[in-house]
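Here's the structure we're looking at; comments come further down.
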Amino acid sequence: MFPKKELAQLVISACNQFNIDTVVISPGSRNAPLTIGFSNHPTIETLSVVDERCAAFFAMGIAQQKQKPVAIVCSSGSALLNYYPAIAEAFYSNIPLVVISADRPKHLIDIGDGQTIRQENVFKNHILFSANLIDEEGELENNSGLLIKALETSVLNKGPVHINVPFDEPLYETISNLKSFDFPKTALNQNVKLQNDYTELISRWKSSTKKMILVGSNFPDTELQNVLSKLVRDESVLVLTETTSNLYHPKFVNSIDKLIFPLIESEFLDLQPEVLITLGGMVISKKIKQFLRKYQPTEHWHIDELKAMNTYHCLSEHIKEKPIHFLNTLLTIHGEISDEGGEAYQNKWLTKNKSRAIKHTEYLVNTVYSDLKVFETILKSMPDASQVQISNSSTIRYSQLFNLNPTLKVFCNRGTSGIDGSTSTAIGAAFATKEITTFITGDLSFFYDSNALWNSDIPKNFRIIILNNAGGGIFRFIPGPLTTNATDYFETPHSLTAEHLAKMYNFDYTAVSNLEELNIGLNDLYLESNQPKIMEIFTPKEINDVVLKNYFKNL
């Protein structure tokens with residue numbers, strides 16, 4: 001059974017040709033032709049999520065893991081606007097998301113018809129391409145061209161696109177067969193590799209004695225891991241990574257704030273690189289951003305096929321390559337041996353990083369029960385080779401202070417760094433991989449996205465760890481909020497717990513409020529279960545910020 005409307009058939013056929021095999025649908029009437037067609041297609045998996053905001057983040061989590069486009073389908077009106085937070089995140093995180101919205105035909109817009117808004121180009125500031133289709137005779141070629149352009153853009157440019165599809169009534173008429181459309185060959189079938197000459201760049205790299213490579217968020221990549229492990233043999237190279245870079249090596253500095261926080265002026269000058277290479281997505285560490293903006297490198301090269309953010313206000317080269325291609329070229333031409341004079345740079349900072357690690361360990365041995373101590377405990381408990389999704393705000397920042405198990409795969413929505421949608425994204429990622437996935441979140445982020453649990457496709461091996469400190473704990477640590485008389489509006493204190501949500505959505509639930517209970521609970525958390533699990537950890541908000549501030553003083 002397929003929709004009778006030719007425009008719906010065209011959209012479905014185009015998605016199939018572009019290898020879109022997962023579609024997340026939110027209920028509605030105007031999108032009935034698309035719902036009927038996608039749900040009956042033999043090679044497309046359809047999933048149902050009622051809340052459009054959750055649906056979009058859920059789909060984004062799937063696309064994040066599959067590294068290919070996932071489509072979302074909704075009805076007309078405000079339903080579409082609920083997609084916007086996830087669209088913005090996908091835009092800045094380079095995640096291919098195909099937004100397909102049903103719409104009223106043009107003659108019903110702005111005349112007082114129900115469930116109708118101006119949908120054309122509604123995401124223009126955060127979308128790679130908008131295809132506004134036309135439901136009229138003689139528009140087949142134009143609609144086909146727009147569909148090809150939209151889907152091709154999402155695949156090649158790794159981001160969100162919007163396909164707006166107007167339908168007039170009747171909406172539920174069906175036929176027995178899906179019409180076949182012949183779409184022309186596209187750029188997806190071409191594999192042209194540009195040959196770039198980087199001789200001059202590599203010469204400048206070779207002559208530098210202070211070289212820094214900084215990696216932001218990055219999908220796990222064995223090839224990249226290997227080439228960086230060879231480059232770091234050059235003792236004039238210092239590699240800085242983040243929790244979300246998914247790169248590990250004894251000579252990589254992966255707790256940047258821990259290294260930088262205690263530095264004085266003369267040390268900042270010593271750390272200042274001559275050449276800075278950046279790759280990957282958004283960088284979490286505020287300290288490294290402040291450092292590189294004040295103590296700018298002589299040259300900053302960013303390696304990315306598509307775009308370069310001038311994060312440190314000193315970008316000199318945008319190398320439009322896959323990082324692995326350029327770094328292999330660098331390695332081949334330069335070799336792995338450092339130039340005379342460069343030995344001190346890497347060794348000095350790795351030595352300092354080791355001393356920080358000793359102070360870190362010494363402090364945590366005697367640390368009282370708090371967010372910091374809880375993070376040390378839960379990060380040690382993660383099963384090998386599992387996936388970890390982390391929400392924003394203080395949660396992801398705490399994770400940056402620890403050396404993680406190198407077999408873990410770590411993700412966070414850092415494109416817009418919002419607390420909205422983190423739970424939905426984590427569920428989508430868990431669904432896509434079928435791996436044990438642990439989602440670590442703060443209380444505000446969890447309750448903000450609690451509709452994420454209204455999803456019938458949550459895997460049984462999905463685990464949620466909630467750090468409930470009764471409000472936005474980060475506002476007790478960052479300078480400013482506590483000096484005002486509006487603290488409650490920053491922290492938003494509450495007395496909520498996840499217990500009743502867990503019961504409603506059929507999650508196993510455990511509450512802990514001290515270290516002994518936490519250790520017992522963690523032993524049970526990863527045992528096989530017939531239902532997903534929530535562990536809610538209650539921590540004392542009155543001392544969390546004191547413990548963290550003293551931690552940094554101790555460094």
Item to check | Equivalent-ellipsoid semi-axes of the range 2-170, from the Cα gyration tensor, Å, largest first | outcome: 22, 17, 16
Checklist outcome for this item: Cα extents of the range 367-554 per principal axis, largest first, Å, are 47, 33, 31
Checklist entry - Across the chain, how large is the tail of the calculated P(r) beyond 31 Å, expressed as a percent of all Cα pairs? => result 53 percent
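Only Lys, Arg, Asp and Glu count, each charged at its Cβ (+1, +1, -1, -1), so figure out the dipole size of the range 199-347 about its Cα centre, rounded to 20 debye.
Its charge dipole is roughly 440 debye.
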Checklist entry - In nm, what is the difference between 0.36 nm times the number of residues separating V368 and H313 and their Cα-Cα distance? => result 15.7 nm
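Multiplying the sequence separation of S381 and E137 by 0.36 nm and subtracting their Cα-Cα distance, what value in nm do you get?
Separation in residues times 0.36 nm, less the Cα-Cα distance, equals 81.7 nm.
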Checklist entry - Sorted by packing (mean other beta-carbon atoms within 10 Å per residue), highest first, where do 307-317, 357-367, 396-406, 164-174 land? => result 396-406, 164-174, 307-317, 357-367
Item to check | Dipole of the chain, positive end: most advanced residue of S207, I109, S513 [Cβ charges, Cα centre] | outcome: S207
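Would you please give the FRET efficiency between K68 and K149, computed as 1/(1 + (r/R0)^6) with r the Cβ-Cβ distance and R0 = 25 Å, to the nearest 0.05?
Details: r = 18 Å, r/R0 = 0.72.
Approximately 0.90, to the nearest 0.05.
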Checklist entry - Once the Cα gyration tensor of the range 199-347 is found, what semi-axes does its equivalent ellipsoid get, as square roots of 5 times the eigenvalues, in whole Å, sorted largest first? => result 20, 18, 16
Checklist entry - Under the definition of Cα pairs under 8 Å and six or more residues apart, what whole-number percent is the relative contact order of the range 199-347? => result 31 percent
Checklist outcome for this item: Per the range 127-223, sqrt(5λ) over the Cα gyration tensor eigenvalues, sorted largest first, in Å, gives 46, 16, 13
Item to check | For the range 76-149, alpha-carbon Rg over 2.2 N^0.38 Å | outcome: 1.19
Next on the checklist: Can you list which of the DSSP-assigned H helices in the chain have a Cα extent of 24 Å or more along the long axis and an average Kyte-Doolittle score of at least -0.5?
Outcome noted: 140-157
Checklist outcome for this item: So the FRET efficiency between N523 and N226, C-beta based with R0 = 56 Å and rounded to 0.05, is 0.95
Checklist entry - Quick one: putting +1 on the C-beta of Lys and Arg, -1 on the C-beta of Asp and Glu, what dipole do you get for the range 16-118 around its Cα centre, in Debye to the nearest 20? => result 120 debye
Checklist entry - Is any residue of the range 135-175 close enough, with backbone N under 18 Å, to a label point placed 7 angstrom from the Cα of L188 along the Cα-Cβ axis, and if so, which? => result 143-164
Checklist entry - Which whole-number percentage describes the relative contact order of the range 1-152, with Cα contacts under 8 Å and a sequence gap of 6 or more? => result 22 percent
Item to check | Helix-only [θ]222 nm of the chain, DSSP H runs n ≥ 4, -39500 (n - 2.57) each, per residue, nearest 500 | outcome: -11500 deg cm²/dmol
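Readers should treat all values here as calculations from the given coordinates under stated rules, not as data from a laboratory. Note that this is a predicted model, so its numbers are computed, not measured. As a convention, Cβ positions derive from the backbone with ideal geometry for all residues, glycine included, and neighbour counts pool all protein chains shown.
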